[in-house]
Amino acid sequence: MQTPEERLKELGIELPPAPKAIGVYKSAVFHNGLCYTSGHGPLKNDGTLMTGVVGSEHTVEDGYEAARQTGLAILATLRKELGTLNKVKRVVKIFGMVQCTADFKQHPAVINGCSELLRDIFGSDLGVGARSAVGMLALPVDMRVEIEGIFEVEMP
Amino acid sequence: MQTPEERLKELGIELPPAPKAIGVYKSAVFHNGLCYTSGHGPLKNDGTLMTGVVGSEHTVEDGYEAARQTGLAILATLRKELGTLNKVKRVVKIFGMVQCTADFKQHPAVINGCSELLRDIFGSDLGVGARSAVGMLALPVDMRVEIEGIFEVEMP
Amino acid sequence: MQTPEERLKELGIELPPAPKAIGVYKSAVFHNGLCYTSGHGPLKNDGTLMTGVVGSEHTVEDGYEAARQTGLAILATLRKELGTLNKVKRVVKIFGMVQCTADFKQHPAVINGCSELLRDIFGSDLGVGARSAVGMLALPVDMRVEIEGIFEVEMP
């Protein structure tokens, strides 16, 4: 069985830089075997964020890409904090928020961009957690998607 | 003292079918004595969801009914995962989201539909947890209410 | 090193009354070394709430003040439940929601009002947790900000 780092390599995925906090918070906090990650946005490898509103400026596919990129940013934080993604034991839960119009209702299809990434890296059982997917009026610095998570980890 | 299953029976409550995931997630994940339930919607016994916007299409009472039905869907998931509701030890927390208009401000009265159900089944101490109740621009497949929770349980 | 109660006194901060629940929930629930606080609003010392929409009726500074006041309300709950703030060991996570317009994007600057307060009371390491800051369409009784949190504590 492959490790998460091996899967990442096989899929040819390059992680973006681990995001810096844009306020008074930590990117991740550890307690009792769990890692609580802060709300992450779709940070690209060039350091910019994917922005805009799904349902008007952007399609569901654009939203999916943003959710996947947000997942990559979360992975970057986890690797930075833990040294390696191999210390992530399972996905417990994610809360996925889509900046969208009032008539957009396909939030699960958007947040799947993150969920499918986590499944591909951590496996179809331990890589799939509980989840909520919802539509937000507005997100910080116009980010298209914001996702926070709880992960079971080997404590750093 | 009655068990949760006995209370449910006495109240004549029939649970809806446990909801199937509408994306890449699990309905519930267990860790260290806690059960994290995914965002659930107001799934009816006929398998359809209660939809629409509270504050325009729907009254606060319609919202209350949807929150109660969402609580029943959460109970269906808990029973499916644990075998019996008698293994639920307490409600730790729920996060209740109402799909509403910008001028609707009675979210607590809506989410009470779920909270009063949980109190009636699990008791006025252990059945009452921490809570947030908030107003959302949009929810998946137009569901009227979405609620996620954390429950203390006997691990399955 | 000063205790949280000593810092509070030195900063001349007077806490508002601990908020009463406006629904069927508890202000805080304890489990396994963590305190889950319910969604709190910007409760003032006179018992009223700071209301209104950030981005139209209110500036980012007004939002910051409301987030700080919400943090004070959370501290009031923690002190009431624990007897003293000195039993709070660290901030694990907060979820900060701003009632705002669709084009308002400075949620981090608003929620810093709470985060900077917690940092000043509990210290620049243990007082800074994980965080999400987001924009909501509507909050209960028109409150300007709502924040829920998870704190590591000495169990009461």
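Any read-out appearing in this document is the output of simple, stated calculations on the displayed coordinates, not a laboratory observation. Everything numeric here is computed off the predicted structure, so don't read it as measured data. Methodologically, a virtual Cβ is constructed for each residue, glycine included, from the backbone with ideal geometry; neighbour enumeration extends over all protein chains shown.
Evaluate peptide A:138-145: per residue, the Cβ atoms of other protein chains within 10 Å of its Cβ; return the mean as an integer.
That average works out to 5.
Between copies, how close do the A:D103 label points come, placed 7 Å along Cα→Cβ, listed in nm from shortest?
2.1, 2.1
Rank the residues A:F151, B:F122 as a footprinting-exposure proxy: fewest other Cβ atoms within 10 Å of their Cβ go first.
In increasing order of surrounding Cβ atoms, one gets B:F122, A:F151.
Tell me the label-point distance for the pair A:D125, A:A21, using the 7 Å Cα-to-Cβ offset, in nm and rounded to one decimal.
About 3.7 nm, to one decimal.
In nm to one decimal, list the spacings between the B:V141 label point and its equivalents in the other copies, with label points set 7 Å along Cα to Cβ, shortest first.
Taking the point 7 Å beyond Cα along Cα→Cβ, the inter-copy spacings are 3.6, 3.6 nm.
Would you calculate, for chain A, the mean residue ellipticity at 222 nm contributed by helices, counting each DSSP H stretch of 4 or more residues as -39,500 (n - 2.57) and dividing by all residues, to the nearest 500?
-9500 deg cm²/dmol
Once you place label points 7 Å from the Cα toward the Cβ at B:T48 and A:K80, how far apart are they in nm?
Output for this residue pair reads 4.9 nm.
So for the stretch C:1-70, Kirkwood radius off the Cα pairs, Stokes-Einstein at 10 °C and 1.306 mPa s: how many µm² s⁻¹?
110
Expressed as a whole percent, how much of the Cα-Cα distance distribution for the stretch C:60-156 exceeds 15 Å?
Of all Cα-Cα pairs in the stretch C:60-156, 58 percent lie more than 15 Å apart.
What is the average number of partner chain Cβ atoms found within 10 Å of a Cβ in C:101-113?
5
Which order do peptides B:65-73, C:28-36 fall in by mean Cβ count within 10 Å, highest first?
The peptides rank, most packed first, as B:65-73, C:28-36.
I want the local charge near B:R79. Using Cβ-Cβ distances under 10 Å, sum +1 for each Lys or Arg and -1 for each Asp or Glu among the other residues.
0
If you consider only alpha-carbon coordinates, what radius of gyration and Dmax does the protein assembly as shown have, in Å?
Every Cα atom of the protein assembly as shown included, Rg and Dmax give 20.6, 61 Å.
Residue of A with Cβ nearest the axis relating A to C, plus distance in whole Å?
Axis relating chain A to chain C; nearest Cβ residue and distance: A:L137, 3.
Taking Cα centroids, how far is the stretch B:1-71 from the stretch A:92-129 in Å?
Taking the Cα centre of the stretch A:92-129 as reference, the centre of the stretch B:1-71 is 21 Å away.
Is there a simple number for the mean count of other chain Cβ atoms within 10 Å of the Cβ of residues in C:30-38, and what is it?
So the per-residue partner count for this stretch is 5.
Taking only C-alpha pairs under 8 Å that are 6+ residues apart, what is the relative contact order of chain B in percent?
With pairs under 8 Å counted, the relative contact order is 33 percent.
Got the B:D125 label distances to the other copies yet, label 7 Å along Cα→Cβ, in nm, shortest first?
Copy-to-copy label distances at B:D125, shortest first: 3.8, 3.8 nm.
Summing Lys, Arg as +1 and Asp, Glu as -1, what charge do residues with Cβ under 13 Å from the Cβ of C:K105 carry, C:K105 excluded?
Counting the neighbours of C:K105, the net charge comes to -2.
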